[in-house]
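Student: Below are the structure tokens for one structure; questions will follow.
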Amino acid sequence: MLLTKLILTASLVGVIFTIRCYSGMQGSVNGDAIGEIELLDCNGTDFCIKLPANGHVGRKHYEGAQYSCDSGECRKEGCNRRPGGGMLCCCSTDECNESSQILNHVFPIVIFTAVIMFLARH
């Protein structure tokens, strides 16, 4: 009986300390929505990630992101350039890698950078 209680308690501790992250890919190609995301329980990590991307493939414009549980790349919250190129955004609360959540952190930086670039040209 004691062993059953210990196992139940240990399994509940794992559930309590599991972070929930969005997983999948979502975006648009030439304005048409593509992809889906779902919520997952991420075991063994403290972070959710988002890999935003945009660009062109031929005449098609892609804009979107890939969402998942961290696999060891995140050390702290925030968005940083990856050594191989692209951006990696890390966050550490449940469902924090939702597009609107990450944009709340990135948007002011993007606007500030755009204003500086505009002023530098004029």
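Student: Among residues other than GLU95 whose Cβ falls under 12 Å from its Cβ, what is the net charge (Lys/Arg +1, Asp/Glu -1)? Show your work: numbers first, answer last.
Tutor: On the way: positive: ARG20, LYS50; negative: GLU38, ASP41, ASP94, GLU98.
It works out to a net charge of -2.
Student: Let me ask something else. If I take every Cα pair under 8 Å that is 6 or more residues apart in the range 23-62, average their sequence separation and divide by the length, what percent do I get for the relative contact order?
Tutor: It comes to 38 percent, rounded to a whole number.
Student: Something else about it: Can you tally the net charge around GLU38? Count Lys and Arg as +1, Asp and Glu as -1, for every other residue whose Cβ sits under 15 Å from the Cβ of GLU38. If you can, show how the numbers build up before the last one.
Tutor: On the way: positive: ARG20, LYS50; negative: GLU36, ASP41, ASP94, GLU95, GLU98.
So the environment of GLU38 carries a net charge of -3.
Student: Let me ask you something else. Determine ³J(HN,Hα), in whole Hz, for all residues of the range 23-28 in sequence, where each value follows from phi through the Karplus function 6.51 cos²θ - 1.76 cosθ + 1.60 and θ = phi - 60°; x replaces Gly and Pro.
Tutor: 9, x, 9, 8, x, 8
Student: Give, rounded to the nearest 20 debye, the magnitude of the charge dipole that the range 15-84 has about its Cα centre when Lys and Arg contribute +1 at Cβ and Asp and Glu contribute -1 at Cβ.
Tutor: On the way: 8 positive and 9 negative charges, 73 e Å.
So the dipole magnitude of the range 15-84 works out to roughly 360 debye.
Student: Using a 1.4 Å probe and counting only protein heavy atoms, arrange THR45, THR93 so the residue with the most accessible area comes first.
Tutor: THR93, THR45
Student: Points 7 angstrom from Cα along the Cβ direction at GLN26 and ALA53: gap in nanometres?
Tutor: 1.8
The values are calculated or read from the model by the stated rules, or taken from the named source; none is laboratory data. Since the structure is predicted, the reported quantities are computational estimates derived from the model, not experimental observations. Cβ sites come from the backbone with ideal geometry, for glycine too, and all protein chains shown count toward neighbours. Side chains are part of the model used for accessible areas, which takes the heavy atoms of the whole protein and leaves out ligands, DNA and RNA. Shrake-Rupley method; radii C 1.70, N 1.55, O 1.52, S 1.80 Å.
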